[in-house]
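The values are calculated or read from the model by the stated rules, or taken from the named source; none is laboratory data. Fair warning: this is a prediction, and the values are worked out from it, not measured in the lab. Neighbour counts are summed over all protein chains in view; Cβ atoms, including those assigned to glycine, are modelled from backbone coordinates with ideal geometry. Side chains included, ligands, DNA and RNA excluded: accessible areas come from the protein's heavy atoms. Shrake-Rupley method; radii C 1.70, N 1.55, O 1.52, S 1.80 Å.
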Amino acid sequence: MLQERLFDPQGRDLADCPVRHVLDHLAAKWTTLIVLELAAGPRRFSQVSKALPDISKRMLTQSLRDLERDGLIRRTVFPTKPPSVEYALTAMGQSLLPPLLGLIEWAQAHEVQIATARQAYTG
């Protein structure tokens, strides 16, 4: 049962789940969109920024750092003048794509039902 798998052997609840910080980060709006952008291949900062025009430069920088810290992306600096930087998914980042795409497919399949439920809820 899924709920049982989310509890650890010591019986702690979901609020104290050891992977909660990872799930919180992966569920963030920008994390998901950045990972999806990098799924197409390595990108420079400006390319990611252009693909996600609503994200601030500061938020993009922080999100990329967090993804790099978690081992999901690799940052490569090229010795050019000025230095150029490229971001790419690591093998672990690539392994995130199937469940992420599954969630996207689920959302697309239920988009109308969700919109209908929201409309019914707000009256």
Notebook entry, point to check: Given the structure, is residue 41 modelled with pLDDT of 95 or more and at positive phi?
Noted result: yes
Margin query: Please verify whether residue 65 is surrounded by 14 or more Cβ atoms within 10 Å (Cβ to Cβ) and either at pLDDT 85 or above or farther than 21 Å from residue 104 by Cα (or both), treating the condition exactly as stated.
Written below: no
Notebook entry, point to check: Taking the stated definitions as given, is residue 93 surrounded by fewer than 16 Cβ atoms within 10 Å (Cβ to Cβ) and either of a type in the set (S, T, N, Q) or in contact (Cβ under 8 Å) with a residue 24 or more places away in the chain (or both)?
Noted result: no
Next item on the list: Output the number of the condition that residue 84 fails; it satisfies all remaining conditions of (1) modelled with pLDDT under 95; (2) under 17 Å from residue 26 (Cβ atoms); (3) surrounded by 13 or more Cβ atoms within 10 Å (Cβ to Cβ).
Entry: (2)
Next item on the list: Tell me, please, whether a residue that is touching a strand residue (DSSP E or B) at 6+ places or on another chain (Cβ under 7 Å) and either without any contact (Cβ under 8 Å) to a residue 24 or more places away in the chain or among the charged types (D, E, K, R) (or both) can be found in region 14-28.
Entry: no
Check: What number of residues in region 48-61 are surrounded by 13 or more Cβ atoms within 10 Å (Cβ to Cβ) and either modelled with pLDDT under 95 or among the polar types (S, T, N, Q) (or both)?
Finding: 2
Notebook entry, point to check: Yes or no: residue 32 closer than 22 Å to residue 101 by Cβ and outside any loop (DSSP other than H, G, I, E, B)?
Noted result: yes
Notebook entry, point to check: Which of (1) in contact with a Leu (Cβ under 8 Å, 6 or more places away or on another chain); (2) open to solvent by 80 Å² or more (accessible area, probe 1.4 Å); (3) polar (S, T, N, Q) is the odd one out, the single condition residue 122 does not satisfy?
Noted result: (1)
